[in-house]
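Have a look at the structure below, then the notes.
The values are calculated or read from the model by the stated rules, or taken from the named source; none is laboratory data. Note that the structure is a prediction, hence the values are computed from the model and not measured. Backbone-built Cβ (ideal geometry, glycine too); neighbour counts: all protein chains shown. Note: accessible area is taken over every heavy atom of the protein model, side chains too, but ligands, DNA and RNA are not part of it. Shrake-Rupley method; radii C 1.70, N 1.55, O 1.52, S 1.80 Å.
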Amino acid sequence: MKASHHKLVNEFTNYLITLGYSESVCYNCPNMVSQFLEHVDRPIKKITKVDVTEFFDHLRSMTSERTQRRLSNVHINGYVMALKRFSKFLFHMHSIDLTVEHLSYLKVDTPEKQILSLQQIKSLFDACDNTKFGMRDKVMLALYYSCGLRRSEAIQVEIRDIDFTNNILFVRNGKGGKQRYVPFTDSTHQILTQYIDVGRKRLNRRNRLRNTLLIGKNGDRLKPQALQLRLNTLCKKAEIKQKVGLHTLRHSIATHLLMQDMSIYKISEFLGHSSLESTQIYTHIVENIGNKI
């Protein structure tokens, strides 16, 4: 890859990190852009719409080394997203116009969203014990369910982001680097207070991370994989058979709020959606499940 391209990719990586994108996005997007630049092999300002189109024709004809099959639509959509983000970076940071407006996402069969019932949510909270890990588990549930945070948003929460006086949580690095304020209940207030005053102090005996909310037994920042393992344990205790991910909790609170007649506009704001279309999927879920939950 040309030295100038390599420099741009490094700048793009730092740009994504600054905007608060997840580790996977900060790794995959620059990697995909690097493949694009290597394939095109021409100065960035001379790359045309035809070059972009030809690259995606190339992707559709490729065979995966791992599966020995053609690349899936999901995989190709990853390249579409990467180039759209790269184009935005070039325009804002270097005033370079990389034409990608003609790119559209390929159709993907999306699996039906799993929604937990109110009783199942209660069972998860009841499955948390009073140990330091149990107190942290309750905070995990409060952040992902009660506050409706995304997977990457919850692990970035710092104690300073919590306004206990007004019961407001500041989401510092949301999707796309956007910020928002999320209200929380008195019950969540109590869960957070108990963990910070007792559980977190027992976990952070070395005082390594003074502000990070969710930490491990050595005081390190927790990763999503570790939280998922804790959630799996809680599901087993609560005798929940279906597959539950951290995002399932977010889907569940959105559905429950809609069933309680909260305005879809308020739910969209609560979830941090940039488009109302992203929130409207929950109206279809409610229509399909009726009063089952």
Would you tally the residues in the range 234-261 being within 23 Å of Asn130 (Cα to Cα), assigned to a helix (DSSP H, G or I) and in contact (Cβ under 8 Å) with a residue 24 or more places away in the chain? 5
Checklist (1) touching a His at 6+ places or on another chain (Cβ under 6 Å); (2) closer than 14 Å to Tyr144 by Cβ applied to His247, failing item: (1)
Need at least 3 residues that are under 30 Å from Arg172 (Cβ atoms) and open to solvent by less than 30 Å² (accessible area, probe 1.4 Å) per element, so show me which helices (runs of 4 or more DSSP H) inside the range 1-67 make the cut, counting only ones lying wholly within it. 3-18, 23-40
Could you list, in sequence order, all residues of the range 194-223 that are crowded, with 16+ Cβ neighbours inside 10 Å and either of a type in the set (Asp, Glu) or assigned to a helix (DSSP H, G or I) (or both)? Tyr195, Ile196, Gly199, Arg200, Leu203
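Here is a yes/no grid of residues against (1) modelled with pLDDT under 90; (2) under 15 Å from the mean Cα position of the chain (by Cα); (3) surrounded by 15 or more Cβ atoms within 10 Å (Cβ to Cβ); (4) charged (D, E, K, R):
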position	(1), (2), (3), (4)
Lys236	no, no, no, yes
Glu239	no, no, no, yes
Thr248	no, yes, yes, no
Ser252	no, no, yes, no
His256	no, no, yes, no
Tyr265	yes, no, no, no
Ser278	yes, yes, no, no
Taking Val139 and the conditions (1) in contact (Cβ under 8 Å) with a residue 60 or more places away in the chain; (2) over 21 Å from the mean Cα position of the chain (by Cα); (3) closer than 28 Å to Ile285 by Cβ, which numbered condition does it fall short on, given that it satisfies the others? (2)
